[in-house]
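Notes for the one structure printed next.
The values are calculated or read from the model by the stated rules, or taken from the named source; none is laboratory data. The model shown is predicted, which means the values in this text are computed figures rather than measured ones. Counting neighbours? That spans all protein chains shown, and the Cβs are built from the backbone with ideal geometry, glycine included. SASA here: full protein model, heavy atoms, side chains in, ligands and nucleic acids out. Shrake-Rupley method; radii C 1.70, N 1.55, O 1.52, S 1.80 Å.
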Amino acid sequence: MGKSTNFSGQPIFNQLLTFIDKSEIRKIAKKHGSERYVKKFTTYNHLVVMLFVALEGYNSIREVVLGLLANAHKLSHLGLSYIVKRSTFSEANKRRDSKVFEDIYMAVYKKHSSSLANSRLKDKELKRLYIMDSSTISLFKDI
């Protein structure tokens, strides 16, 4: 059996980010002007941090920064060259319009919609379905 080189040794979070086209994000950011007056915390970095927040289930900016600091040695492969400060993250959340992230979502959805299931599973298929609780698997665990 041949070995797949697609996701070998990559964290789950990094595997998810491969579905997002950075050039498309830059186009959307330019369209909305969300990169104006930005030095380091780009729209892509903001998106990565927001996805990290969603996957980790954080509720406050302080938790986000502490979570990023705890995983700092593991985040360089995500394109984050530094850990965002609380004030920068807070300001970016206020300044960047949610429409930017809506357009990014729609661009990713349109690109990959053909490979998504568009119908419910039949009863016969549901009986064969095996669900495993993955809540104990960390985002950086080798599978």
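Just a few scattered comments:
- Count of region 68-78 residues which are buried (at least 17 other Cβ atoms within 10 Å of the Cβ) and under 17 Å from Phe41 (Cβ atoms): 3
- Of the residues examined, Val64 is not one that is within 20 Å of Phe19 (Cβ to Cβ), open to solvent by less than 60 Å² (accessible area, probe 1.4 Å) and not in a loop (DSSP other than H, G, I, E, B).
- Screening the candidates Ser119, Ser81 for the property of being part of a loop (DSSP other than H, G, I, E, B), open to solvent by 80 Å² or more (accessible area, probe 1.4 Å) and at pLDDT 80 or above yields one hit, Ser81.
- Region 15-61: number of residues that are of a type in the set (A, V, I, L, M, F, W, C), surrounded by fewer than 16 Cβ atoms within 10 Å (Cβ to Cβ) and in a loop (DSSP other than H, G, I, E, B): 1
- Those residues of region 84-106 which are assigned to a helix (DSSP H, G or I) and either in contact with a Phe, Trp or Tyr (Cβ under 6 Å, 6 or more places away or on another chain) or of a type in the set (A, V, I, L, M) (or both), in sequence order: Thr88, Ala92, Val100, Ile104, Met106
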